[in-house]
Each structure stands twice: as structure tokens, then as C-alpha cells.
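For reference, the structure discussed in these notes is given below.
The values are calculated or read from the model by the stated rules, or taken from the named source; none is laboratory data. Keep in mind that this is a model prediction, so the values were computed, not measured. Every residue, glycine among them, receives a Cβ derived from its backbone with ideal geometry; neighbour counts consider all protein chains shown. Keep in mind that these areas ignore ligands, DNA and RNA; they rest on the heavy atoms of the full protein, side chains included. Shrake-Rupley method; radii C 1.70, N 1.55, O 1.52, S 1.80 Å.
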Amino acid sequence: MAIDDDHLTTHFERIWPAHVEALTELLIQLRQQFDGDLDLMLILGIIGTRTQPARLASAMTYAQFTAHDRPTPVSRPINIQSVAECSGIARETVRRKVGRLENMGLVTREANGNLLVTPQATGELTPSTEASLRYMAVMRKHYGNEGQHS
């Protein structure tokens with residue numbers, strides 16, 4: 001795999017350990033949030049990319065994202081088969097795990113089979129969202145500090 005960013009490869013010895021440590025902390029938080037089942041998190045993440053596409057989130061602050069009254073974005077449809085194809089997880093396993101996400105109140109299924117992340121998910125997943133933000137902050141700090149040494 002080619003890496004286009006010379007900065008990352010030049011300062012690998014400092015960036016890589018920070019990444020591994022911060023990513024490990026993030027994965028621990030996600031594992032706790034999802035009762036040890038990281039596939040649940042992956043499936044929810046895939047559904048979420050359709051419910052809240054990055055192009056819509058780019059104009060949103062964290063406070064707006066966590067607001068209970070934020071407008072519901074226009075989502076692109078995704079169903080169990082699409083999640084299975086995207087994730088590489090067997091369709092039947094995705095079906096069971098989507099059922100679990102529904103029981104947790106994090107996902108809803110429309111009459112046509114399309115899946116949506118619920119507004120409730122934002123609040124319940126705040127610890128994981130904040131862990132993700134901490135990961136990004138650590139990486140920015142280490143990447144940014146390395147940029148000063150070049």
C-alpha cells in the first residue's frame with residue numbers, strides 16, 4: 001500500500017505509537033459501549049454513514065450534532081444486504097445484529113426494509129463519540145507537532 005504523505009512516513013516513529021495507543025483506547029471504549037461486540041459498532045457505523053452522510057455533517061458543529069432538535073438529514077437507503085456486502089459480515093449475522101441494534105433503540109427499520117440510525121443513538125453513544133473525538137485530537141496533536149519539526 002502506497003502512502004502519499006511523506007510527513008507520515010518520515011515521522012512514523014512518533015506518530016505510529018500515538019496512533020496505536022489512542023486507537024486502542026478508542027476500541028476499548030467502543031467494545032464497552034457495545035457489550036464486547038465490535039461488529040455491532042461496525043454495522044451501526046455503516047448505517048450511520050447513510051443516515052448522516054459526511055457531506056451533511058461537514059457544516060455541523062458538535063453541539064448541533066448532539067442537539068435533540070436537529071433536523072433529520074435526507075438519508076440514502078441501506079438495507080441488510082447492503083450492510084452485509086459493505087462490511088463483509090454474513091447477511092444472516094447482519095440480520096441478527098440489526099435486530100439487536102433495534103432492541104437497543106439505536107436503529108429502526110422502515111416498512112421497505114431500509115435501516116436508519118435513531119435520534120436516541122446520538123445521546124446513548126455520546127461516550128463513544130467523545131472517545132472518537134479524543135482519538136482525533138491525539139492524532140492531530142501528534143501529527144501537528146511533527147509538522148513543526150520538519
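Within region 1-21, residues that are within 14 Å of K141 (Cα to Cα) have Cβ atoms under 7 Å from residues that are hydrophobic (A, V, I, L, M, F, W, C) and at pLDDT below 80 in these pairs: I15/L8, counting only partners at least 6 apart in sequence or on another chain.
Scanning region 80-129 for residues that are more than 15 Å from G45 (Cα to Cα) and among the acidic types (D, E) yields a count of 2.
For region 90-150, give me every one of the helices (runs of 4 or more DSSP H) that falls completely inside it and has 1 or more residues that are of a type in the set (S, T, N, Q) and at pLDDT below 90. Break it down into steps so the answer makes sense when it comes.
Working: elements: 91-103, 119-124, 126-149.
It comes to 119-124, 126-149.
Of all residues in region 85-127, those satisfying the criterion of being of a type in the set (G, A, S) and closer than 15 Å to T49 by Cβ are S87, A121.
The C-beta contact set for region 78-104 (first residue charged (D, E, K, R), second residue open to solvent by 20 Å² or more (accessible area, probe 1.4 Å), distance under 7 angstrom, 6+ apart or interchain) comprises R91/Q81; K97/D39; E102/T108; E102/R109. Scanning region 58-85 for residues being at pLDDT 95 or above and either within 17 Å of T122 (Cα to Cα) or open to solvent by 90 Å² or more (accessible area, probe 1.4 Å) (or both) gives a total of 1.
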